[in-house]
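Structure first, commentary second.
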Amino acid sequence: MGRAASSTSSTTTSNSNPASPAAYLEPGPYSCRQLPGQLSFLIGQGSSGPLDCAVRVFVPEDGSGMPRRWPLVVLSAGFLLRSELYDSYARDLAAWGFAVALYDLPEITDDVTMVSAITSILDMATRDPRVSPHVDSGCLLLAGHSRGGKLSALAAAGDPRVRGMALLDPVDVTGMTPMGPNYPSALPAMRVACGPPRRLPALVVGAALNGDVIPADGNYKRFASATPGPCWLVELRGAGHLQFLDMQVGLFSMLSKSGPTPDDLVRRVSKAALVAWARELALPLARGEQVDGQQAMDRLQQTAAAAERLAPLSYSLKGFEPLGAAGSVSGSSAGSSSCCDTDVGSSNSSSSGFGSGAFGSGGFGAGGFGAFGSGAGGSWGSWGAGPASSSGASSPGASSSGASSSAPTSSSSSSTGGARKTWSSSWSGGFKAPEPSSDWSNYTSGSSSASAPPPPPPPPPPPPPPRSGPSTSSTSSGSGSGFAPVTSSYEDLMKMRAKALKALLVERGVDCSDCFEKADLARRIVERCR
């Protein structure tokens, strides 16, 4: 239920008379002002001196002159991008009743330090007398673009105060990002934060044309796949990676091409999705209110349908079943591609959205997140996350179990002209693994789906492992394959690339089709190849 009446006089309440879902595309009812004074704090020592985090806070003005507490959104900028490039987000979110914190650091720093900065901003927002009177400490949300989306996921997993995350074209570790424990993958963090027991709601907005700067091994689809739910994925089919910014920026803009959707419409649709997701789902859940999952899905779909009239997009919803989503989503059966480019045109097609046998119950279950610096980092192309233990949440194995495979999923896709639309609903046992020709084939290495075909015969032996590979002796392996047993420790195995680990298993005939993390592969070697 909602908050007690005695506390609602100074705190924003939920929408007793909710806005029309299409209204989120328009300016909100409040004005906006930036809190005066210089807000900053020290988070450590950088290579060029003290790391002072400078924070700007924007709050709504309702004209009443009475103090009022607003839900807070901490918005993290992308890599090498200034927070000023997101000022319109702060002002437009404030117009819809959100306090927004933007921040900058004086130099580039690692992910672990950036996460500590986000945590410190939450501390400041809830304790500093210059800010806390304007913030509802029970409604803290994180948002971010590009690397900022990854940082938001990492911070949400480790901070129980966070009640939801909105990720704008997020980027995980890839083959081009630094390797090491200070640059962990955010995908285990998504499973920890959005899986049981917390089940944080997530919004993922993706730019379909971001492939010129964002490798497929670390793009927004990875985040959506890793989220048990409830999750709303919105894919802007005509947008590039930097079109979310208030203005284009020099060399970056030369490297990242824009799509046919104008920048202002990319921002407008993204902001509307964020506001709708927060007001219809994240904030009611944060306040402990009873949320009708089906009603929330319907209203989010209405917002997306209105946004489709401005920009070509696709959208999917999953994981709303625990909220009471019921029945099925009606609509046309005309063929069209979903936001993940899987066919949902018939009952025999692959399920749209994110769930499939390859990613459902037990699909991602190994490892944990917890301490951000523990475990080997590395690129997501190398399966990215180390074997850290979870903190304040269940293990990713528990969070993925039964989440993707039983959650209701609906999706819609439109062409630029909006002439055709497809709706689909999937329930427990209804997910089917995507065909290898779909984009989902980029996400799997083997499949745990019961309906998937048997794996092909092992390939020819790969080239010798790198010099950092495991040491071996001349005796045969415990698996009886005739290969020398692997004597390296788990820690040494985690220093290798995932491809090398998988090769060790494949050449020994050890099944690894259910291993979706580098930590899984290393554990399988320790268990089966001694």
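Would a scan of the range 254-264 turn up a residue that is in contact (Cβ under 8 Å) with a residue 60 or more places away in the chain and either touching a helix residue (DSSP H, G or I) at 6+ places or on another chain (Cβ under 7 Å) or surrounded by 24 or more Cβ atoms within 10 Å (Cβ to Cβ) (or both)?
no
Just checking, does the range 287-295 include any residue being buried (at least 19 other Cβ atoms within 10 Å of the Cβ) and either of a type in the set (Phe, Trp, Tyr) or within 21 Å of Gly97 (Cβ to Cβ) (or both)?
Yes - at least one qualifying residue is present in the range 287-295.
What number of residues within the range 506-521 are within 21 Å of Pro188 (Cβ to Cβ) and not small (Gly, Ala, Ser)?
Residues meeting the conditions: 8.
Evaluate the range 119-128: report whether one residue or more is modelled with pLDDT of 95 or more and under 20 Å from the mean Cα position of the chain (by Cα).
Within the range 119-128, one or more residues are modelled with pLDDT of 95 or more and under 20 Å from the mean Cα position of the chain (by Cα).
Considering each residue of the range 58-82, count those that are assigned to a loop (DSSP other than H, G, I, E, B) and not polar (S, T, N, Q), and give that number.
Summing the residues that are assigned to a loop (DSSP other than H, G, I, E, B) and not polar (S, T, N, Q) in the range 58-82 gives 12.
Here's the yes/no breakdown for (1) among the hydroxyl-bearing types (Ser, Thr, Tyr); (2) closer than 24 Å to Ile214 by Cα:
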residue: Met66; (1), (2): no, no
residue: Phe79; (1), (2): no, yes
residue: Glu84; (1), (2): no, yes
residue: Ala99; (1), (2): no, no
residue: Ser120; (1), (2): yes, no
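Out of (1) within 18 Å of the chain's Cα centre (by Cα); (2) in a helix (DSSP H, G or I); (3) farther than 12 Å from Ala166 by Cα, the odd one out for Glu235 is which?
(2)
Anything in the range 214-228 that is under 10 Å from the mean Cα position of the chain (by Cα) and of a type outside the set (S, T, N, Q)? List them, or say none. Talk me through it step by step, then tell me what you get.
Of all residues in the range 214-228, those under 10 Å from the mean Cα position of the chain (by Cα) come to 219-227.
Listed by number, the residues that qualify are Tyr220, Lys221, Arg222, Phe223, Ala224, Ala226.
So, in the range 159-193, of the ones that are small (Gly, Ala, Ser) and farther than 30 Å from Glu280 by Cβ, which residue ends up surrounded by the fewest Cβ atoms within 10 Å (Cβ to Cβ)?
Filtering first and then ranking leaves Gly175.
If you scan the range 238-260, which residues turn out to be out of contact with any strand residue (DSSP E or B) (no Cβ under 6 Å at 6 or more places or on another chain) and outside any helix (DSSP H, G or I)?
Gly238, Leu245, Asp246, Met247, Gln248, Val249, Ser256, Lys257, Ser258, Gly259, Pro260
For the range 97-106, give me the residue count where each residue is crowded, with 19+ Cβ neighbours inside 10 Å and either under 23 Å from the mean Cα position of the chain (by Cα) or within 16 Å of Met124 (Cα to Cα) (or both).
If we filter the range 97-106 for residues that are crowded, with 19+ Cβ neighbours inside 10 Å, which is where we start, we get 97-103.
With either under 23 Å from the mean Cα position of the chain (by Cα) or within 16 Å of Met124 (Cα to Cα) (or both) added as a condition, the list becomes 98-103.
Within the range 97-106, residues that are crowded, with 19+ Cβ neighbours inside 10 Å and either under 23 Å from the mean Cα position of the chain (by Cα) or within 16 Å of Met124 (Cα to Cα) (or both) number 6.
So if I check each of Gly250, Gly211, which one is over 18 Å from Gly144 (Cβ atoms) and either within 22 Å of the chain's Cα centre (by Cα) or at pLDDT 95 or above (or both)?
Every option except Gly211 fails the conditions.
In a strand (DSSP E or B), of a type outside the set (Lys, Arg), closer than 26 Å to Ala157 by Cβ and modelled with pLDDT of 95 or more: is that true of Cys32 in this structure?
no
The values are calculated or read from the model by the stated rules, or taken from the named source; none is laboratory data. Computed from a prediction, not measured in an experiment: that's the story for all the values here. Positions of Cβ are backbone-derived with ideal geometry, glycine not excepted, and every protein chain shown enters the neighbour counts.
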